[in-house]
Amino acid sequence: MLRHLIRKEFLQIRRNPFLPKLILMFPIMIMCISPWVMNMEVKNVVVNVVDNDRSTRSQQIVHSIEAIDYFIFGGQKPSYRAALAEIEHGKADMVLVIPHDFGKDIDRGKMPQVLIAANAVNGTKGGIGSAYLSQIVTSHVMPTKAAFQSKVSTLLLYNKHQNYKLYMIPALLAMVVMLMTGFLPTLNIVSEKEIGTIEQINVTPVSKWAFILSKLIPYWLIAFFVITVFLILAWLIYGIIPDGPIWLVYVLAMLLAMFFSSFGLIVSNYSDTMQQAVFVTWFFVMIIMLLSGLFTPTRSMPSWAYATTYVNPMSYFIEAVRTVFIRGGGLSSIWHQVLALLGIGSIMAIWAVMSYKKNS
């Protein structure tokens, strides 16, 4: 019985003119585009300079700004007002104002005050850009401190080249699994409700478990296929492969797929229309994604928001898959995340079965 129901699901997917293309193209497009555009590094910060000193030392700072890849030198402006006007019109991001007698004060052993004004509408860009610019100024104002800092070596563990793509690819894997195994089962069942075919199954001897499994297993297999495509593209395009066991990546992804596919079935059991199911699913998916540490560290959240990570399966998945992918950890490093994903997924699967009301 279950085998025939699964075959029915695959026939429906194959006969749909859109779903096979989505299943194939979605992970490919995500892998080819997102790692390039979802980059949190701060670059191309346009800096205007107001040099009121016009000395050799002040010009050294200007040349240093021109030489740094993070900055785009916007030119020297005659006054702070003129430089600020370009920030207000969106033509510049930061202004550096060098005071009069800047070079003479340094020669006398004084500490001249240099003004850095940054557009902090984008707080990350303004804050990190200001820090970069402050380091340049400090290296010229306090050469002794700069020489001391140059002797300090930093040992970067795991992601030694600070490759942001290596950090983002596990997160993108989570997004693809979430969308493919969360939305598709939901829309599948609700669409059957709308056209009335699900009532034909409700009057048959098919059990609840058989019906639910027939809806879940095809999307688990789709998730397995998507993960394989994802890992192959990560290797072919970016030269990135997991440092840990690949089978653990599959285990984690399938546990996450079990949660989201069960969640999708729960939503569909309580929804009567496709529009209702889409809005409810999107509401919860956005909360789960934003509170999972997918883009920002969970430790940066307020304490009440951080407490939600204990029941957020995406948070466990992100932490575990990055441990395997980047750190090369094994099962002993992520066993508590695996147990948490298995426990939350099992609870959701039982809820999906209990919430499905079959009319005999």
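The values are calculated or read from the model by the stated rules, or taken from the named source; none is laboratory data. Computed from a predicted structure; not experimentally measured. All Cβ positions, glycine included, derive from the backbone under ideal geometry; neighbour counts span all protein chains shown.
Got a sec? Which of Gly74, Gly90 is in contact with a Lys or Arg (Cβ under 9 Å, 6 or more places away or on another chain) and either closer than 30 Å to Leu172 by Cα or not assigned by TED's automatic domain parsing to the domain that holds Leu231 (or both)?
Only one candidate passes the filter, namely Gly74.
Let me spell it out: the conditions are (1) within 27 Å of Tyr270 (Cα to Cα); (2) outside any helix (DSSP H, G or I), and Gly293 meets all of them except one. Which number is the exception?
(1)
Please verify whether Ser79 is outside the structural domain of Lys165 (by TED's automatic domain parsing), hydroxyl-bearing (Ser, Thr, Tyr) and surrounded by fewer than 19 Cβ atoms within 10 Å (Cβ to Cβ), treating the condition exactly as stated.
Spelling it out, Ser79 is indeed outside the structural domain of Lys165 (by TED's automatic domain parsing), hydroxyl-bearing (Ser, Thr, Tyr) and surrounded by fewer than 19 Cβ atoms within 10 Å (Cβ to Cβ).
Would you pick out the residues in the stretch 39-54 that are surrounded by fewer than 17 Cβ atoms within 10 Å (Cβ to Cβ) and farther than 13 Å from Leu115 by Cα?
The answer is Asn39, Met40, Glu41, Lys43, Asn44, Arg54.
Rundown of residues vs (1) aliphatic (A, V, I, L, M); (2) over 15 Å from Leu255 (Cα atoms), yes/no style:
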{"position": "Met286", "(1), (2)": "yes, yes"}
{"position": "Phe295", "(1), (2)": "no, yes"}
{"position": "Met301", "(1), (2)": "yes, yes"}
{"position": "Ala305", "(1), (2)": "yes, yes"}
{"position": "Gly330", "(1), (2)": "no, yes"}
{"position": "Ile334", "(1), (2)": "yes, no"}
{"position": "Leu339", "(1), (2)": "yes, no"}
{"position": "Leu342", "(1), (2)": "yes, no"}
{"position": "Met354", "(1), (2)": "yes, yes"}
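How many of the residues in the stretch 39-55 are in a loop (DSSP other than H, G, I, E, B), modelled with pLDDT of 85 or more and touching a helix residue (DSSP H, G or I) at 6+ places or on another chain (Cβ under 7 Å)?
2
Here is a list: Lys193, Lys215, Lys165. Which entry is under 17 Å from the mean Cα position of the chain (by Cα) and either at negative phi or in a helix (DSSP H, G or I) (or both)?
Step by step, each of Lys193, Lys215, Lys165 is checked, and only Lys165 is under 17 Å from the mean Cα position of the chain (by Cα) and either at negative phi or in a helix (DSSP H, G or I) (or both).
In the stretch 289-316, what residues are surrounded by fewer than 19 Cβ atoms within 10 Å (Cβ to Cβ), among the small types (Gly, Ala, Ser) and out of contact with any Leu (no Cβ under 8 Å at 6 or more places or on another chain)?
Ser300, Ser303, Ala307
Of everything in the stretch 325-341, what is at pLDDT 90 or above and either of a type in the set (Asp, Glu) or in contact with a helix residue (DSSP H, G or I) (Cβ under 6 Å, 6 or more places away or on another chain) (or both)? Give them in sequence order.
Residues satisfying the conditions are Ile334, Gln337, Ala340, Leu341.
Report yes if Leu248 is in contact with a Leu (Cβ under 6 Å, 6 or more places away or on another chain) and in the same structural domain as Gly328 (by TED's automatic domain parsing), otherwise no.
Judged against the criteria, Leu248 is not a match.
May I ask you to list the residues in the stretch 239-262 that are over 23 Å from Gly330 (Cβ atoms) and aromatic (Phe, Trp, Tyr)?
Within the stretch 239-262, Phe260 is the sole residue that qualifies.
Just to be sure I understand the filter: pairs with C-beta atoms under 7 Å, separated by 6 or more residues or on different chains, first member in the stretch 78-96 and within 22 Å of His63 (Cβ to Cβ), second member buried (at least 17 other Cβ atoms within 10 Å of the Cβ) and of a type in the set (Asp, Glu). Which pairs pass?
Note: pairs meeting the criteria are Ala92/Glu86.
Being in contact with a Gly (Cβ under 7 Å, 6 or more places away or on another chain) and part of a helix (DSSP H, G or I) is the requirement here; does Ser58 meet it?
So Ser58 passes the test.
Out of the residues in the stretch 1-38 that are hydrophobic (A, V, I, L, M, F, W, C), in a loop (DSSP other than H, G, I, E, B) and exposed (fewer than 14 other Cβ atoms within 10 Å of the Cβ), state the one that is modelled with the lowest pLDDT.
Going through the qualifying residues, I end up with Met1.
Starting from the stretch 56-73, take each residue that is without any contact (Cβ under 8 Å) to a residue 12 or more places away in the chain and of a type outside the set (Asp, Glu) and list its partners that are part of a helix (DSSP H, G or I) and surrounded by 14 or more Cβ atoms within 10 Å (Cβ to Cβ), counting only C-beta distances under 8 angstrom and pairs at least six apart or across chains.
Nothing qualifies.
Return the residue satisfying two criteria in turn: it lies in the stretch 188-208 and is hydrophobic (A, V, I, L, M, F, W, C) and in contact with a helix residue (DSSP H, G or I) (Cβ under 6 Å, 6 or more places away or on another chain), and of such residues it is surrounded by the fewest Cβ atoms within 10 Å (Cβ to Cβ).
Ile198
Check whether at least one residue in the stretch 334-350 is more than 24 Å from Pro242 (Cα to Cα), surrounded by fewer than 18 Cβ atoms within 10 Å (Cβ to Cβ) and aliphatic (A, V, I, L, M), and report yes or no.
Yes, because at least one residue in the stretch 334-350 is more than 24 Å from Pro242 (Cα to Cα), surrounded by fewer than 18 Cβ atoms within 10 Å (Cβ to Cβ) and aliphatic (A, V, I, L, M).
Looking at the stretch 334-360, which of the residues that are over 22 Å from Thr186 (Cα atoms) and in contact (Cβ under 8 Å) with a residue 40 or more places away in the chain is farthest from the chain's Cα centre (by Cα)?
Checking each candidate, the answer is Ser360.
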